Ligand code: MG
């Protein structure tokens, strides 16, 4: 279920980094080890690193298990929240509260002081399809995608209330919710460039590509989008920009990495298809990857573009 539609089953591949272009070595050392940190889950998604004075930790979703998981170097794997309303993508808002896209409830929720409540559940009176992934801009606005993957596939046409698969922007200061993109087949992961002048959106539907949109001078609307890069094994799902503007996308073979110009320079090869990823860890340079039943990590030489993970 969930994003299993996004990518073909991955052929077996080693845990390894693979440079396509020598400049990839500056992002990930050629001898970097890829670790499988945990396994035994069903379909993992939506990782977010949370800094904490007592020790940082990763929160991520096991969508079909209806569970938010927690992982840290010291404590290993545990349950963060169950039931999770089939949580998928996660992000932190400007105040550090957890935002969660929920398939089961078809909402974006917010968790403040440990209390979960519905933040957004409909647009112009119509329920969302199933919010998939969410990112927060430095001005505090919340941007999220809404494909129907979280609904039973044979009931899409009866359950869908909106006339399309949109990308939304919500401004907590004004409570205004607006559609910012409606030209994608299956909008999925999304992230801003480090300067927030561009928004990247993964289309895990028929195009299996990543599109890039200029953010207009108002900071709130998008110009015309274009194809930025195509994933050549499976399709894209979660995406992140690093601080240098390179784009990291999950793919059927793990992770594929593109320069700001859209050239594929390297891969992180996994034995399971990648579904989502984020930077984190004590130094902010660890790449965490949720991939089907497992959680993986690899140490990099870059950190996240500020607005895309925290
Ligand atoms: Mg996704």
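Listed residues 244, 264, 208, 240; which is in contact with a helix residue (DSSP H, G or I) (Cβ under 8 Å, 6 or more places away or on another chain) and modelled with pLDDT of 95 or more? Step through it out loud before you land on a result.
On the way: 244 fails: in contact with a helix residue (DSSP H, G or I) (Cβ under 8 Å, 6 or more places away or on another chain); 264 fails: in contact with a helix residue (DSSP H, G or I) (Cβ under 8 Å, 6 or more places away or on another chain); 208 fails: in contact with a helix residue (DSSP H, G or I) (Cβ under 8 Å, 6 or more places away or on another chain).
Residue meeting the stated conditions: 240.
For the subset of segment 191-202 comprising residues that are in a strand (DSSP E or B) and more than 9 Å from the ligand (Cβ to nearest atom), which member is farthest from residue 245 (Cα to Cα)? Can you show your working first?
Filtering segment 191-202 down to residues in a strand (DSSP E or B) leaves 191-192, 198-202.
Within this subset, residues satisfying the condition of being more than 9 Å from the ligand (Cβ to nearest atom) are 191-192, 198-201.
Details: 191: 11, 192: 9, 198: 10, 199: 11, 200: 11, 201: 14 Å.
Applying the filter and picking the extreme gives 201.
Sort out for me the strands (runs of 3 or more DSSP E) sitting completely within segment 29-119 that have 2 or more residues that are at pLDDT below 95 and either in contact with a strand residue (DSSP E or B) (Cβ under 7 Å, 6 or more places away or on another chain) or within 16 Å of the ligand (Cβ to nearest atom) (or both).
So the answer is none; nothing clears 2.
Can you tell me how many residues within segment 120-147 are touching a strand residue (DSSP E or B) at 6+ places or on another chain (Cβ under 6 Å), under 26 Å from residue 158 (Cβ atoms), assigned to a loop (DSSP other than H, G, I, E, B) and away from the ligand (no atom under 16 Å from the Cβ)?
Within segment 120-147, residues that are touching a strand residue (DSSP E or B) at 6+ places or on another chain (Cβ under 6 Å), under 26 Å from residue 158 (Cβ atoms), assigned to a loop (DSSP other than H, G, I, E, B) and away from the ligand (no atom under 16 Å from the Cβ) number 1.
Only one of (1) assigned to a loop (DSSP other than H, G, I, E, B); (2) under 19 Å from residue 89 (Cβ atoms) fails for residue 207. Which number is that?
(2)
Being within 15 Å of the ligand (Cβ to nearest atom) and within 12 Å of the chain's Cα centre (by Cα) is the filter here, so list the residues in segment 205-246 that pass it.
Across segment 205-246, the qualifying residues are 236, 237, 238, 239, 240.
The values are calculated or read from the model by the stated rules, or taken from the named source; none is laboratory data. Worth saying up front: this structure is predicted, and the values here are computed from it rather than measured. Here the Cβ is made from the backbone with ideal geometry for all residues, glycine too, and neighbour counts use every protein chain on show.
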